[in-house]
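**Q** One structure follows; several queries about it will come next.
The values are calculated or read from the model by the stated rules, or taken from the named source; none is laboratory data. Computed from a predicted structure; not experimentally measured. Note: ideal-geometry Cβ built from the backbone for every residue, glycine included; neighbour counts use all protein chains shown. We work out accessible area using only protein heavy atoms, side chains counted, and drop any ligands, DNA or RNA first. Shrake-Rupley method; radii C 1.70, N 1.55, O 1.52, S 1.80 Å.
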Amino acid sequence: QLVGTLLEAKDPSIMIQFRTGLRLEQMTAYLEAHPPEIATLQLQAADFLALVRNPPASLLADYPWLQLPKGATLEGYLAAGAYRILPDTSAEELVRKMLGRFYEELGPARLQAAEKGDRTLHDVVTLASLVERESPVDAERPLVAGVYQNRVARKMLLNADPTVIWGVDLLALEELGLARWPEYSFWNVPKEPLASIEFPAAIEGYQTYRSRGMIPGPICTPTVTAIEAALDPDTATGYLYFVAIPGGNGRHDFSKTYEEHLAKLREYGYIQ
(Lines give C-alpha, C1' and ligand atoms only; values in the text may rest on other atoms or scores of the structure.)
Protein backbone atom coordinates (compact mmCIF):
# COMPACT_ATOMS: atom_id res chain seq x y z
CA GLN A 1 0.00 0.00 0.00
CA LEU A 2 2.88 2.37 0.81
CA VAL A 3 4.54 1.70 -2.54
CA GLY A 4 1.24 2.20 -4.32
CA THR A 5 0.65 5.49 -2.55
CA LEU A 6 4.12 6.77 -3.45
CA LEU A 7 3.66 5.80 -7.09
CA GLU A 8 0.32 7.54 -7.28
CA ALA A 9 1.51 10.69 -5.51
CA LYS A 10 1.40 13.76 -7.74
CA ASP A 11 4.21 16.24 -8.09
CA PRO A 12 3.00 19.33 -6.20
CA SER A 13 5.30 21.69 -8.06
CA ILE A 14 4.02 24.13 -10.66
CA MET A 15 5.59 25.67 -13.73
CA ILE A 16 5.69 29.44 -14.11
CA GLN A 17 6.59 30.63 -17.59
CA PHE A 18 7.58 34.18 -18.49
CA ARG A 19 8.04 34.83 -22.19
CA THR A 20 10.83 37.03 -23.49
CA GLY A 21 10.65 40.80 -23.64
CA LEU A 22 8.31 41.30 -20.67
CA ARG A 23 8.36 44.28 -18.35
CA LEU A 24 7.90 43.95 -14.59
CA GLU A 25 4.24 44.89 -14.72
CA GLN A 26 3.49 42.19 -17.29
CA MET A 27 5.08 39.58 -15.04
CA THR A 28 3.02 40.92 -12.15
CA ALA A 29 -0.17 40.83 -14.23
CA TYR A 30 0.49 37.17 -15.03
CA LEU A 31 0.90 36.33 -11.34
CA GLU A 32 -2.22 38.33 -10.47
CA ALA A 33 -4.25 36.52 -13.15
CA HIS A 34 -3.48 33.11 -11.59
CA PRO A 35 -4.13 31.08 -14.76
CA PRO A 36 -4.87 27.34 -14.33
CA GLU A 37 -1.23 26.28 -14.59
CA ILE A 38 -0.36 28.29 -11.45
CA ALA A 39 -3.72 28.03 -9.68
CA THR A 40 -2.14 26.61 -6.52
CA LEU A 41 0.48 29.35 -6.26
CA GLN A 42 0.21 31.12 -2.91
CA LEU A 43 2.52 33.98 -3.84
CA GLN A 44 0.81 37.38 -3.92
CA ALA A 45 1.40 39.48 -7.03
CA ALA A 46 1.50 42.64 -4.90
CA ASP A 47 4.40 41.22 -2.88
CA PHE A 48 6.29 40.38 -6.07
CA LEU A 49 5.73 43.88 -7.45
CA ALA A 50 6.81 45.59 -4.24
CA LEU A 51 10.00 43.54 -4.14
CA VAL A 52 11.07 44.09 -7.75
CA ARG A 53 10.28 47.79 -7.65
CA ASN A 54 12.07 48.36 -4.35
CA PRO A 55 14.65 45.58 -3.90
CA PRO A 56 16.03 45.67 -0.34
CA ALA A 57 19.73 46.06 0.35
CA SER A 58 19.78 42.58 1.87
CA LEU A 59 18.77 41.12 -1.49
CA LEU A 60 21.09 43.25 -3.61
CA ALA A 61 24.04 42.41 -1.36
CA ASP A 62 23.89 38.80 -2.54
CA TYR A 63 24.34 39.87 -6.17
CA PRO A 64 27.48 42.07 -6.28
CA TRP A 65 27.37 42.08 -10.09
CA LEU A 66 24.03 43.88 -9.91
CA GLN A 67 25.22 47.47 -9.50
CA LEU A 68 21.95 49.37 -9.69
CA PRO A 69 21.73 53.16 -9.59
CA LYS A 70 20.08 54.55 -6.48
CA GLY A 71 16.33 54.03 -6.61
CA ALA A 72 16.42 51.66 -9.60
CA THR A 73 14.10 48.68 -9.88
CA LEU A 74 14.97 45.17 -11.02
CA GLU A 75 13.56 45.95 -14.46
CA GLY A 76 15.75 44.29 -17.05
CA TYR A 77 17.33 41.65 -14.80
CA LEU A 78 14.59 39.05 -14.29
CA ALA A 79 15.26 36.34 -16.85
CA ALA A 80 12.48 34.95 -18.99
CA GLY A 81 11.78 31.24 -19.21
CA ALA A 82 10.14 28.42 -17.26
CA TYR A 83 10.55 28.05 -13.51
CA ARG A 84 9.43 24.96 -11.62
CA ILE A 85 8.56 26.00 -8.09
CA LEU A 86 6.48 24.81 -5.16
CA PRO A 87 3.10 26.43 -4.43
CA ASP A 88 4.41 28.05 -1.26
CA THR A 89 7.41 29.68 -2.96
CA SER A 90 7.80 33.24 -1.76
CA ALA A 91 8.22 36.33 -3.94
CA GLU A 92 11.84 36.64 -2.87
CA GLU A 93 12.58 33.01 -3.69
CA LEU A 94 11.15 33.45 -7.19
CA VAL A 95 13.04 36.70 -7.76
CA ARG A 96 16.29 35.07 -6.64
CA LYS A 97 15.76 32.27 -9.15
CA MET A 98 15.19 34.81 -11.92
CA LEU A 99 18.24 36.89 -11.00
CA GLY A 100 20.34 33.74 -10.84
CA ARG A 101 19.25 32.65 -14.29
CA PHE A 102 19.91 36.10 -15.73
CA TYR A 103 23.48 35.90 -14.45
CA GLU A 104 23.90 32.36 -15.80
CA GLU A 105 22.66 33.40 -19.25
CA LEU A 106 24.75 36.56 -19.26
CA GLY A 107 27.92 34.73 -18.28
CA PRO A 108 31.18 36.10 -16.83
CA ALA A 109 32.63 37.07 -20.22
CA ARG A 110 29.69 39.31 -21.15
CA LEU A 111 29.62 40.73 -17.64
CA GLN A 112 33.29 41.70 -17.92
CA ALA A 113 32.71 43.18 -21.37
CA ALA A 114 29.85 45.28 -20.01
CA GLU A 115 32.09 46.81 -17.37
CA LYS A 116 34.80 47.93 -19.79
CA GLY A 117 35.40 51.58 -20.55
CA ASP A 118 33.00 54.14 -19.19
CA ARG A 119 29.94 51.88 -19.42
CA THR A 120 28.27 49.87 -16.70
CA LEU A 121 26.17 46.73 -16.89
CA HIS A 122 23.14 48.91 -16.25
CA ASP A 123 24.00 51.03 -19.29
CA VAL A 124 24.28 47.91 -21.45
CA VAL A 125 21.06 46.34 -20.18
CA THR A 126 19.22 49.63 -20.68
CA LEU A 127 20.26 49.86 -24.33
CA ALA A 128 19.62 46.13 -24.80
CA SER A 129 16.06 46.48 -23.50
CA LEU A 130 15.38 49.15 -26.10
CA VAL A 131 16.82 46.92 -28.82
CA GLU A 132 14.67 44.04 -27.54
CA ARG A 133 11.47 46.04 -27.96
CA GLU A 134 12.46 47.54 -31.32
CA SER A 135 13.50 44.50 -33.32
CA PRO A 136 12.80 40.75 -33.19
CA VAL A 137 15.38 40.11 -35.91
CA ASP A 138 18.67 39.06 -34.34
CA ALA A 139 20.76 39.93 -37.39
CA GLU A 140 19.73 43.60 -37.35
CA ARG A 141 19.87 44.17 -33.60
CA PRO A 142 23.48 45.47 -33.68
CA LEU A 143 22.32 48.02 -36.26
CA VAL A 144 19.44 49.15 -34.03
CA ALA A 145 21.83 49.45 -31.09
CA GLY A 146 24.18 51.40 -33.33
CA VAL A 147 21.45 53.85 -34.33
CA TYR A 148 20.70 54.72 -30.72
CA GLN A 149 24.36 54.85 -29.78
CA ASN A 150 24.99 57.20 -32.69
CA ARG A 151 22.08 59.41 -31.70
CA VAL A 152 23.32 59.66 -28.12
CA ALA A 153 26.83 60.52 -29.34
CA ARG A 154 25.40 63.31 -31.49
CA LYS A 155 23.16 64.55 -28.67
CA MET A 156 20.09 63.85 -30.77
CA LEU A 157 16.69 62.89 -29.42
CA LEU A 158 16.27 59.12 -29.38
CA ASN A 159 12.68 59.37 -30.66
CA ALA A 160 12.15 55.79 -29.47
CA ASP A 161 8.51 54.72 -29.53
CA PRO A 162 8.87 51.86 -26.99
CA THR A 163 10.14 54.16 -24.25
CA VAL A 164 7.13 56.45 -24.55
CA ILE A 165 4.75 53.51 -24.71
CA TRP A 166 6.41 52.14 -21.56
CA GLY A 167 5.64 55.39 -19.75
CA VAL A 168 2.08 55.59 -21.06
CA ASP A 169 1.41 52.05 -19.85
CA LEU A 170 2.95 52.78 -16.45
CA LEU A 171 0.67 55.76 -15.85
CA ALA A 172 -2.39 53.86 -17.07
CA LEU A 173 -1.64 50.92 -14.79
CA GLU A 174 -1.34 53.16 -11.76
CA GLU A 175 -4.85 54.45 -12.38
CA LEU A 176 -6.24 51.00 -13.19
CA GLY A 177 -5.25 49.17 -10.01
CA LEU A 178 -3.43 45.83 -9.73
CA ALA A 179 -6.59 43.70 -9.70
CA ARG A 180 -7.34 44.80 -13.27
CA TRP A 181 -3.83 44.51 -14.67
CA PRO A 182 -4.49 41.04 -16.17
CA GLU A 183 -7.03 42.61 -18.55
CA TYR A 184 -4.70 45.41 -19.64
CA SER A 185 -3.21 45.30 -23.15
CA PHE A 186 0.47 46.26 -23.05
CA TRP A 187 2.71 47.94 -25.62
CA ASN A 188 -0.03 49.41 -27.82
CA VAL A 189 0.85 52.59 -29.70
CA PRO A 190 -1.20 55.54 -28.37
CA LYS A 191 -3.54 57.31 -30.78
CA GLU A 192 -2.11 60.75 -30.05
CA PRO A 193 1.28 61.81 -31.45
CA LEU A 194 3.99 60.44 -29.17
CA ALA A 195 5.82 63.76 -29.09
CA SER A 196 2.74 65.45 -27.58
CA ILE A 197 2.55 63.15 -24.55
CA GLU A 198 3.73 64.67 -21.28
CA PHE A 199 5.23 62.64 -18.43
CA PRO A 200 5.62 63.60 -14.78
CA ALA A 201 9.12 64.49 -13.63
CA ALA A 202 9.77 61.05 -12.16
CA ILE A 203 9.71 59.39 -15.60
CA GLU A 204 10.32 62.30 -17.97
CA GLY A 205 13.58 60.68 -19.08
CA TYR A 206 11.52 58.07 -20.92
CA GLN A 207 9.83 60.71 -23.09
CA THR A 208 12.50 60.40 -25.74
CA TYR A 209 10.73 62.76 -28.12
CA ARG A 210 11.50 65.53 -25.62
CA SER A 211 14.36 64.41 -23.37
CA ARG A 212 17.83 63.86 -24.81
CA GLY A 213 20.24 61.11 -23.88
CA MET A 214 19.77 57.45 -23.06
CA ILE A 215 16.75 56.51 -20.95
CA PRO A 216 17.38 56.15 -17.19
CA GLY A 217 16.91 52.39 -17.08
CA PRO A 218 15.63 49.29 -18.88
CA ILE A 219 12.06 48.99 -20.14
CA CYS A 220 11.96 45.18 -20.25
CA THR A 221 14.18 42.15 -19.75
CA PRO A 222 16.40 41.81 -22.84
CA THR A 223 17.46 38.51 -24.33
CA VAL A 224 21.11 37.51 -24.70
CA THR A 225 21.14 38.48 -28.39
CA ALA A 226 19.93 41.99 -27.52
CA ILE A 227 22.58 42.25 -24.81
CA GLU A 228 25.26 41.17 -27.28
CA ALA A 229 24.05 43.86 -29.68
CA ALA A 230 24.27 46.46 -26.90
CA LEU A 231 27.77 45.27 -26.03
CA ASP A 232 28.94 45.71 -29.61
CA PRO A 233 26.62 48.16 -31.41
CA ASP A 234 27.27 48.64 -35.11
CA THR A 235 28.02 52.35 -35.13
CA ALA A 236 30.46 52.22 -38.04
CA THR A 237 27.64 52.17 -40.61
CA GLY A 238 26.67 55.67 -39.51
CA TYR A 239 22.96 54.88 -39.45
CA LEU A 240 20.79 57.36 -37.54
CA TYR A 241 17.31 56.26 -38.58
CA PHE A 242 15.29 53.15 -39.29
CA VAL A 243 11.75 52.36 -40.33
CA ALA A 244 9.76 49.14 -40.05
CA ILE A 245 9.19 47.44 -43.40
CA PRO A 246 5.47 46.69 -43.84
CA GLY A 247 5.02 42.94 -44.10
CA GLY A 248 8.72 42.49 -43.42
CA ASN A 249 8.35 40.15 -40.44
CA GLY A 250 9.89 42.66 -38.07
CA ARG A 251 12.68 43.82 -40.38
CA HIS A 252 13.71 47.47 -40.73
CA ASP A 253 15.22 49.72 -43.39
CA PHE A 254 18.09 51.89 -42.14
CA SER A 255 19.20 55.37 -43.24
CA LYS A 256 22.13 57.68 -42.62
CA THR A 257 20.40 61.00 -43.31
CA TYR A 258 17.03 62.49 -42.45
CA GLU A 259 16.30 63.10 -46.12
CA GLU A 260 16.91 59.45 -46.92
CA HIS A 261 14.71 58.48 -43.97
CA LEU A 262 11.87 60.72 -45.21
CA ALA A 263 12.10 59.14 -48.66
CA LYS A 264 11.70 55.68 -47.13
CA LEU A 265 8.77 56.82 -45.01
CA ARG A 266 7.06 57.91 -48.22
CA GLU A 267 8.08 54.71 -49.99
CA TYR A 268 6.49 52.54 -47.31
CA GLY A 269 3.36 54.67 -47.06
CA TYR A 270 3.90 56.16 -43.60
CA ILE A 271 3.69 59.74 -44.90
CA GLN A 272 2.54 61.40 -48.12
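**Q** Starting with the highest mean, order 28-41, 257-270 by the number of other Cβ atoms within 10 Å, averaged over the residues of each peptide. Can you show the working numbers first?
**A** Details: 28-41: 15.7, 257-270: 13.0.
Sorting 28-41, 257-270 by mean packing, highest first, produces 28-41, 257-270.
**Q** Now a separate question. For the range 17-119, what does the accessible surface come to per residue with a 1.4 Å probe? Please give it in Å².
**A** It amounts to 49 Å² per residue over the range 17-119.
**Q** Let me ask you something else. Given a 1.4 angstrom probe, I'd like the percentage of the accessible area of the range 166-207 that is carbon and sulfur, rounded to a whole number.
**A** 52 percent
**Q** What whole-number distance in Å separates the alpha-carbon centres of the range 67-91 and the range 158-184?
**A** If you average the Cα positions of each part, the centres end up 19 Å apart.
**Q** Based on the alpha-carbon gyration tensor of the range 16-127 and its eigenvalue square roots a ≥ b ≥ c, which shape applies: rounded if a/c is under 1.5, prolate if not and a/b is larger than b/c, or oblate?
**A** prolate
**Q** Short version: what are the Cα gyration tensor semi-axes of the range 1-75, square root of 5 times each eigenvalue, largest first, in whole Å?
**A** 33, 17, 11
**Q** In Å², what does the accessible area per residue of the range 155-202 work out to with a 1.4 Å probe? Could you put the intermediate results ahead of the total?
**A** Details: 2690 Å² over 48 residues.
The answer is 56 Å² per residue.
**Q** Dividing the alpha-carbon Rg of the chain by 2.2 N^0.38 Å yields what?
**A** The chain yields a ratio of 1.11.
**Q** Let me understand the range 66-156 better: what is its radius of gyration from the alpha carbons, and its Dmax, in angstrom?
**A** 15.4, 51
**Q** Here's a follow-up. What part of the accessible area of the range 58-155, given as a whole %, is carbon or sulfur when the probe is 1.4 angstrom?
**A** Carbon with sulfur: 51 percent of the solvent-accessible area.
**Q** Quick one: which of 239-252, 76-89 comes out on top by average Cβ neighbours within 10 Å, and what's the full order, highest first?
**A** The packing order, highest mean first, is 76-89, 239-252.
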